[in-house]
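The values are calculated or read from the model by the stated rules, or taken from the named source; none is laboratory data. Nothing here was measured: the structure is a model prediction, and the numbers come from that model. Cβ placement follows ideal geometry from the backbone for every residue including glycine, while neighbour counts extend to all protein chains displayed. The area values use the complete protein model at the heavy-atom level, side chains included, leaving out ligands, DNA and RNA. Shrake-Rupley method; radii C 1.70, N 1.55, O 1.52, S 1.80 Å.
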Amino acid sequence: MRILHFYKTYIPDPPGGIAQVINQLARGTALHGHAVDVLSLSRDTAEESIEFEDHTAYRARLDFEVASTGFSFSVIGKFAALARAADVIHYHFPWPFLDVVHFATRVSKPTVLTYHSDILRQRTLLKLYRPLMMRFLASVDRIVATSPNYLATSDVLDKFREKTDVIPIGIDRSTYPEPSSERLAHWRRRFGDRFFLFVGVLRYYKGLHILLDAIHGTGLPVVIVGSGPVEQELRKHAARLNLANVHFLGILPEEDKVALIKLCFAFVFPSHLRSEAFGVSLLEGAMFGKPLISSEIGTGTTFVNVHGETGIVVPPNDPDAFRRAMIFLVENPTDARRMGENAERRYERLFRGDQMVSRHIELYHRLLTDPPRDQESRLRSIATR
């Protein structure tokens, strides 16, 4: 079986959570003997294809962006060629240009779409895009929601419940490097082992301004790993608050990231908007047995972090509540240790990469066993939506 994943970005460009998920799926599916291709856009197309150990990544030139949506003239032909060779096409939503490519190439292969997030920020453009979006979602054969929380709270997914499967995101610990004793010693000398850690792309919905407000006046040490569009704004905010206890490290090699996760006291994830649909790095904290602090935003973050069991869940956009949660863990190390152990057990039970991969392979086989309807029949139900 050959699977084609299609999304706007992929490794080796700076990864976000969706690119990490695709990578986990690609590597895991290949381990089961299936062929996997990934097609994405990139500003750097010196290499049009990159051969990984177990799958191939193809890149089309990113020509321009509008409202965070990448467009490419060349990707349409590349997608059509790769789609002809594929048995199953796996889309990753949201990316409005994806819809255009899907219809322009008149895809007739079985299609799966992972619904990673609602579109929330571009409300005006969403009104224009919505008819195309609904037509696209109606046209795919199966939709995957990454948590029962998101399925229960998404107005869009509610319209497609009859063809939606819930398959939680999973990650494979064996794909993470084991940090050397030298790297661990380096970071321990710099930060000790009582710091709070955030890892992720620095975007508007990550709520890091809330975290900065929360630690103001506390002396609680926070390490921030990652870069992104709001990094300079956050650095200026930290300077205004005279925060000597926050450390921006930028993007680090995986070995250093893992070393910091292993050393940290707790993992903080202050995302305050539904654009944060799951939180892969929050899951990484759980995998390494760390107590978690996150906000209740009705998405997969609270599927990963269960209040009182694996960590603490606070109201969104509430620096005082976030501060109290951090202080509670510091003052109650026994509870913090118990929550970290529970987080790791919950990861083992629900979020291992092999579980996610196996369920996707089962879904692919179901689609191949039950051939999809032709595109016209898939679209007849749109009038009722």
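Here are a few things to note about the model shown:
- Taken over region 235-255, the criterion of being assigned to a helix (DSSP H, G or I) and buried (at least 20 other Cβ atoms within 10 Å of the Cβ) is satisfied by Ala238 alone.
- When the residues of region 185-201 are filtered to those that are out of contact with any Leu (no Cβ under 6 Å at 6 or more places or on another chain) and in a loop (DSSP other than H, G, I, E, B), the one that is modelled with the highest pLDDT is Phe195.
- When Thr105, Thr111, Thr69 are checked against the criterion of being open to solvent by less than 10 Å² (accessible area, probe 1.4 Å), among the hydroxyl-bearing types (Ser, Thr, Tyr), farther than 17 Å from Ser49 by Cα and touching a residue at least 24 places away in the same chain (Cβ under 8 Å), a single residue qualifies: Thr111.
- Residues in region 104-128 that are out of contact with any strand residue (DSSP E or B) (no Cβ under 9 Å at 6 or more places or on another chain) and in a helix (DSSP H, G or I): Ala104, Arg123, Thr124, Leu126, Lys127, Leu128.
- Residues in region 284-312 that are closer than 23 Å to Ile167 by Cβ, free of Cβ contacts under 8 Å to residues at least 40 places away in the same chain and assigned to a strand (DSSP E or B): Ser294 only.
- Some residue of region 35-58 being part of a strand (DSSP E or B), open to solvent by 30 Å² or more (accessible area, probe 1.4 Å) and under 21 Å from Phe93 (Cβ atoms): yes
- Flag for Ala86 being surrounded by 15 or more Cβ atoms within 10 Å (Cβ to Cβ), at pLDDT 95 or above and in contact with a Ser or Thr (Cβ under 8 Å, 6 or more places away or on another chain): no
- Number of the condition not met by Thr218 [criteria: (1) open to solvent by 30 Å² or more (accessible area, probe 1.4 Å); (2) part of a loop (DSSP other than H, G, I, E, B); (3) assigned by the TED database to the domain that holds Thr114]: (3)
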